[in-house]
Amino acid sequence: MASNTLSKLIPITARANLALRWLFYGLLALILLPSGAVSYTALHVIAIGFFFVAAFAAMIASPPPLVRFSYLLALCTALALGGWIIVQSIGFSGNPLANPIWRDAEGFYGPLAGSISVAPGDTLQGLVSALLPFCVYLTALLLLRSDREALQFMRAILVVGVIIAVIGLVQFAFFPRALLFDAKRFYIGHLTAVFIYHNAAANYLGMLTIISAGFTFNVLQHHGAASFLRFLLGAPGGMKRRDGLRVLTYGGATLLFFIDLMVTKSRAGIGSSIFGLSLMFAILGFYGMRASARATQGSYFVRRTPIWRKIARAGIVLVVVLFVGLVFAQQAILRANIQGTTDLRFCFYPSLMRMVDDHWLVGTGFGTFRDVYPAYKNPACGLKS
């Protein structure tokens, strides 16, 4: 009887997992469309869907053994962060950690329930944006239960990314003052795709560049770069047509993402992406194409490579990738050379550090930057409140 009940539950659970996975994919694509969900309304509406999927995923699945430590670490971090945000928002009379602003206000309004946060409502509202990344990560660990499912998920991210990258290029080339369904008011002359800020677009495109480059290398690692060259030339011994097309597809996506990344003109985004690419390729260069060499009997073999040769190979790859990245990042470098230390970031930095120094122990409450920073802002920076 118990075995019959279990046999009926397994397919139901599998179908529920599949449905939740597709809903999860859809939400990840949907969150990009309203300018990256920068408004509270869009973020909260989409967050409801994510938390719904996370709750049901936790009811039907447990984390696989290989990712259990990562799952528990992320869960504990999320609980600690959420707990601290709630503590910051709680106010009571005589709170020893209360922000001094509450004591100053008592002179006008009488005894107040002081809290760490200067705006407890905003701090509680910030719980959504603080916990949503953890929710997405934990849900992915629950729903993607094998390497095959994880790779499908990564490919889904790339497919959505290609669509976003094409939209970004078309907008930049033909509709420079359009932002998907709205008018573009900021960063005219910078590719921002569906985002408002060019830095956000650069971070997104840089992540996609690294993922697609990793997929490209993965195929080449299993079949060999020489096999791919023979495929292109139509020579005997080349990789299968399907694998050759996979290399071309992933390589083309990498080039598309990289071009979009450069057109964002985001110095921080381009720099961090090039650094990430360089580090990834240096690591891959260190280990080399170990799986690409195939013995005549059809089995793989691995030659022992001296450590100095591995380090040299990784160093060469690192230098080459950095050089190529810097060649294509000339516009961002030119902006940095022209602006130099006159960049507004250098003007904001001292006031930001004063704010941190005054509240380094318990902070002023999550999500209260816009309430606190105006008191420290340097008027010479010219940024309006």
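The values are calculated or read from the model by the stated rules, or taken from the named source; none is laboratory data. Note that the structure is a prediction, hence the values are computed from the model and not measured. In this analysis, Cβ positions are derived from the backbone assuming ideal geometry, glycine residues included, and neighbour counts consider all displayed protein chains. Keep in mind that these areas ignore ligands, DNA and RNA; they rest on the heavy atoms of the full protein, side chains included. Shrake-Rupley method; radii C 1.70, N 1.55, O 1.52, S 1.80 Å.
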I'd like to check one number: the per residue accessible area of the stretch 228-278, probe 1.4 Å, reported in Å² as a whole number.
50 Å²
Stretched fully, the stretch from Ile188 through Leu72 gains (0.36 nm per residue minus C-alpha distance, one decimal, in nm) 37.4 nm
Using a Gaussian network model on the chain with a 10 Å cutoff between Cα atoms, which of Ile85, Ile167, Ile60 fluctuates the most?
Ile60
Between helix 330-339 and the chain, what is the angle of the helix's C-alpha long axis to the longest principal axis, kept within 0 to 90° and rounded to the nearest 10?
30 degrees
Given charges of +1 on the Cβ of Lys and Arg and -1 on the Cβ of Asp and Glu, with all other atoms neutral, how large is the dipole of the stretch 77-214 about its Cα centre, in debye to the nearest 20?
420 debye
For the chain, list the cysteines whose Cβ sits under 4.7 Å from no other cysteine Cβ?
Cys76, Cys135
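Tell me what the chain gives for mean residue ellipticity at 222 nm when only DSSP H runs of n ≥ 4 count, each as -39,500 (n - 2.57), the sum divided by the residue total, rounded to 500 deg cm²/dmol.
Numbers: 14 runs with 265 residues, N = 385.
After summing the helix terms and dividing by the residues of the chain, the value is -23500 deg cm²/dmol.
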Nearest-0.05 FRET efficiency for Ser39 and Arg242 at R0 = 41 Å, using Cβ-Cβ distance, is 0.40
Of Phe24, Phe281, Phe181, Phe69, ordered by accessible area with the largest first and a 1.4 Å probe, the sequence is Phe181, Phe69, Phe281, Phe24
For Rg and Dmax of the Cα atoms in Å, several values are listed as [x] 25.6, 88; [y] 20.6, 58; [z] 21.5, 71; flag the one computed from this structure.
[x]
Can you give the angle from 0 to 90° between the axis of helix 40-60 and the longest principal axis of the chain, with both taken from C-alpha atoms, to the nearest 10?
60 degrees
Give me the number: length gained by fully extending Leu97 to Leu30, i.e. 0.36 nm times residue separation minus the C-alpha to C-alpha distance, one decimal in nm.
20.1 nm
How high is the relative contact order of the chain? Use alpha-carbon pairs under 8 Å, at least six apart in sequence, and give a whole percent.
16 percent
State which stretch of the chain is the longest one without any exposed trypsin sites (Lys or Arg not before Pro), exposure meaning a DSSP loop state and at most 13 other Cβ atoms within 10 Å.
1-176
Label-point separation in nm, Trp84 to Tyr109, each point 7 Å along Cα→Cβ
2.7 nm
Roughly how much of Ile163 is accessible, in Å² to the nearest 10, using a 1.4 Å probe?
90 Å²
One finds, for Ser62 and Leu151 with R0 = 30 angstrom and r their Cβ-Cβ distance, a FRET efficiency to the nearest 0.05 of 0.90
Compute a Gaussian network model of the chain, connecting alpha carbons closer than 10 Å, and tell me which residue from Asp104, Asp371, Asp182 fluctuates the most.
Asp104
Candidates Gly94, Gly251, Gly189: whichever shows maximal mean-square fluctuation once the chain is modelled as a Gaussian network with Cα springs under 10 Å:
Gly94
Could you give the angle, 0 to 90 degrees to the nearest 10, between helix 241-264's Cα long axis and the longest principal axis of the Cα atoms of the chain?
30 degrees
Which whole-number value in Å³ per residue fits the convex hull of the alpha carbons of the stretch 6-150?
142 Å³
Quick tally, 1.4 Å probe accessible area for Phe275, Phe217, Phe50, Phe366, sorted with the most first, runs Phe275, Phe366, Phe217, Phe50
Here, Ala225 and Thr13, labelled 7 Å along Cα→Cβ, have an inter-label distance in nm of 4.6 nm
